[in-house]
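The values are calculated or read from the model by the stated rules, or taken from the named source; none is laboratory data. In this text the structure is predicted, and so the values were computed from the model without any measurement. So basically every Cβ, Gly included, is an ideal-geometry build from the backbone, and we count neighbours across all protein chains shown.
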Amino acid sequence: MPKFCARGPDVAMEKNEAEAADSAPRRGRPRSIETSNAILESAYALMAATGLAATTIDAVARHSGVSKMTIYKWWPSREALLIDAFLHHAAQMLPLPPASSGTPAARARRHAAAYAEALQDEFGKVQLAVISECISRTGSAELFYARYLQFRRDALVEMIAAGQKDGSILAEGQPEDLYDAIYGSLFYRYVFGIAPITPAYARTLVDLVLRPKG
């Protein structure tokens, strides 16, 4: 299990997500933020509109107006680009609520509810498709975990641990297990369509798992 960051979870999450999205090897001139964002946004838009099969490097290059050579310089593989495009979108769509906005449990409720809502849109389909692509291409979801999930999971696990420490979260389990119980349950329900996923259900699930005080 990766070590927790020494800094607060909000700062750590923003820092780690930025590092993840910018982690591809670089050669030549430094990466342009505007050009990088254009590539990532085009890749996500294509995944959402046409599916992963049609989201080739050629298609992303045409859509973004950036050369294939530039894309290949900044991303080691198509899978890495697709994951970073998903990460880029998720960082904007599902930011971690700031520490000033309430207790760890309250923030967890808001984030889980936002995730549940996002799963109902193209976000859920893109996430599942990217994970499936990683598994089919590499035999595991390790690349997705390393470039996307690890950073968000660490930040949210740290937030839960902080709630246990200050007494606002009464659940005594390991924070990693509590995180997995919440987000694993939401994703499990989404993948298999066992029952409707709503923000209200996500908030109830957080309270059931974390047992917030008061």
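The rows are residues; the columns are (1) within 23 Å of P98 (Cβ to Cβ); (2) surrounded by 21 or more Cβ atoms within 10 Å (Cβ to Cβ); (3) touching a residue at least 60 places away in the same chain (Cβ under 8 Å); (4) not small (G, A, S).
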{"residue": "S140", "(1), (2), (3), (4)": "no, no, no, no"}
{"residue": "Y148", "(1), (2), (3), (4)": "yes, yes, yes, yes"}
{"residue": "R153", "(1), (2), (3), (4)": "yes, no, no, yes"}
{"residue": "G167", "(1), (2), (3), (4)": "yes, no, no, no"}
{"residue": "L178", "(1), (2), (3), (4)": "yes, yes, no, yes"}
{"residue": "G193", "(1), (2), (3), (4)": "no, no, no, no"}
{"residue": "L210", "(1), (2), (3), (4)": "yes, yes, yes, yes"}
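Limited to segment 42-92, what total is found for residues that are assigned to a helix (DSSP H, G or I), more than 20 Å from the chain's Cα centre (by Cα) and exposed (fewer than 14 other Cβ atoms within 10 Å of the Cβ)?
5
Answer yes if at least one residue in segment 186-194 is at pLDDT 95 or above and either among the hydrophobic types (A, V, I, L, M, F, W, C) or within 20 Å of P95 (Cα to Cα) (or both), and no otherwise.
The answer is yes; a qualifying residue exists.
Pick from S140, S132: which is out of contact with any Ser or Thr (no Cβ under 9 Å at 6 or more places or on another chain), outside any helix (DSSP H, G or I) and at pLDDT below 95?
On the way: S132 fails: outside any helix (DSSP H, G or I).
Sole residue among the options that is out of contact with any Ser or Thr (no Cβ under 9 Å at 6 or more places or on another chain), outside any helix (DSSP H, G or I) and at pLDDT below 95: S140.
Of the residues that sit in segment 99-129 and are polar (S, T, N, Q) and in a helix (DSSP H, G or I), which one is surrounded by the most Cβ atoms within 10 Å (Cβ to Cβ)?
Q127
Taking the conditions exactly as written (under 22 Å from Y179 (Cβ atoms), touching a strand residue (DSSP E or B) at 6+ places or on another chain (Cβ under 7 Å) and of a type in the set (G, A, S)), does A91 satisfy them or not?
no
Would you be able to say whether some residue in segment 167-184 is of a type outside the set (A, V, I, L, M, F, W, C), over 21 Å from Q92 (Cα atoms) and in contact with a Pro (Cβ under 8 Å, 6 or more places away or on another chain)?
Looking through segment 167-184, at least one residue is of a type outside the set (A, V, I, L, M, F, W, C), over 21 Å from Q92 (Cα atoms) and in contact with a Pro (Cβ under 8 Å, 6 or more places away or on another chain).
Kindly indicate which of F187, F192 is over 16 Å from the mean Cα position of the chain (by Cα) and among the aromatic types (F, W, Y).
Just one listed residue meets the conditions, F192.
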